[in-house]
1. Tell me, which longest segment in the chain has none of the trypsin sites (Lys or Arg not before Pro) that fall in DSSP loops with at most 13 further Cβ atoms within 10 Å?
2. Considering the dipole of the chain built from charges on the beta carbon (Lys and Arg +1, Asp and Glu -1) around the Cα centre, which of SER76, THR48, VAL21 is farthest to its positive end?
3. May I ask you to derive the relative contact order of the chain, considering only C-alpha pairs under 8 Å and at least 6 residues apart, and to give it as an integer percent?
4. Based only on the alpha carbon positions, what is the Kirkwood hydrodynamic radius of the chain, in angstrom?
5. If I build a Gaussian network model for the chain, linking alpha-carbon pairs within less than 10 angstrom, which residue out of VAL62, VAL54, VAL13 has the largest mean-square fluctuation?
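All of the numbers you see were taken from the coordinates with simple rules; none came from a lab. These numbers were taken from a predicted model, which means no experiment stands behind them. In this analysis, Cβ positions are derived from the backbone assuming ideal geometry, glycine residues included, and neighbour counts consider all displayed protein chains.
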Amino acid sequence: MTTTDATADATQVIAGARERVDALDDRIIGLVQERMAVSAVIQEARITSGGRRVNLSRELEVLSRYREALGRPGTSLAMTLLELCRGRI
């Protein structure tokens with residue numbers, strides 16, 4: 001295999017992988033938007049019943065779940081998701 005062939009193969013692999021990453025990103029964005037909508041329903045129900053908008057013990061469970069699954073960066077990801085879904089507290 002020549003360098004030109006290897007470069008062409010790599011270019012094709014990269015292009016295909018980038019398409020897959022873009023498709024995954026689209027799915028992730030859709031799931032985050034769905035999570036935001038479900039969180040809004042929960043918050044509304046909690047507020048309507050006289051409770052607080054945010055349940056900190058539940059948020060700690062979410063943080064722990066992401067940290068256990070993804071390591072330390074998972075905590076940052078979970079914090080971002082929580083902020084998107086409930087706003088800043």
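1. Working: sites that count: ARG52, ARG53, ARG88.
Between the exposed loop sites, the longest stretch runs 1-51.
2. THR48
3. Working: 35 pairs, mean separation 23.3, N = 89.
Value for the chain: 26 percent.
4. Details: mean 1/r = 0.0630 Å⁻¹.
After inverting the mean inverse Cα-Cα distance, the result is 15.9 Å.
5. Ranking VAL62, VAL54, VAL13 by mean-square fluctuation puts VAL13 first.
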